[in-house]
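What follows is a single structure, written as structure tokens, with notes after it.
Each reported figure results from applying straightforward, stated rules to the coordinates on display, with no laboratory input. Here the structure is a predicted model, which is why all the values come from computation and not from measurement. Every residue, glycine among them, receives a Cβ derived from its backbone with ideal geometry; neighbour counts consider all protein chains shown.
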Amino acid sequence: MSEPAETCYVLEGQCAEPGVCPLSEIKAGSIVCVKHLTASHDLKVRLRELGLREEQRIRLVSRQSSYICQVCNARLGISERLAEQVLVQPVPDTSAAA
């Protein structure tokens, strides 16, 4: 039996949960795990079709005029407004342990 998905909330621009924050707050070059999409239902469906779904690891390549994410060996550009609706959690850097 699977557990129900956790619901995450952003209140007044602040992360409601420790370690989880909007993609728009992440530094370029960071690897993160998508935890929750707060966009409309139709937009969530489209993002999931593109590979940007819960528990997917992505790398934020750039955050200039748009946010460029490396998702499933492809690059996806999204707006800042949409990046605010993608809640992520940083993934610890394991390359230093090698």
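Local charge sum around G51 (other residues, Cβ-Cβ under 14 Å, Lys/Arg +1, Asp/Glu -1)?
Working: positive: K44, R46, R48, R53, R57, R59, R75; negative: E49, E54, E55.
Summing Lys/Arg as +1 and Asp/Glu as -1 gives +4.
Taking the beta-carbon count within 10 Å as an exposure proxy, list H41, H36 from fewest neighbours to most.
Final ranking by Cβ density, sparse to dense: H41, H36.
Roughly what would the spin-label model give for C72 and V91, points 7 Å off Cα along C-beta, in nm?
1.5
May I ask you to derive the FRET efficiency for E80 and E49 from their Cβ-Cβ distance with R0 = 25 Å, giving the value to the nearest 0.05?
For E80 and E49, the calculated efficiency is 0.70.
Can you tell me how much longer the chain between A39 and S65 gets when fully stretched, taken as 0.36 nm per residue apart minus their C-alpha distance, in nm with one decimal? All intermediate terms of the calculation are to be shown ahead of the outcome.
Numbers: separation 26, 0.36 × 26 = 9.36 nm, distance 2.01 nm.
Net length gain for the segment: 7.3 nm.
For S62, what is the net charge nearby, where nearby means another residue's Cβ is under 14 Å from its Cβ and Lys, Arg count +1, Asp, Glu -1?
Values: positive: K27, R59, R63, R75; negative: E80.
Cβ neighbours under 14 Å give a net charge of +3.
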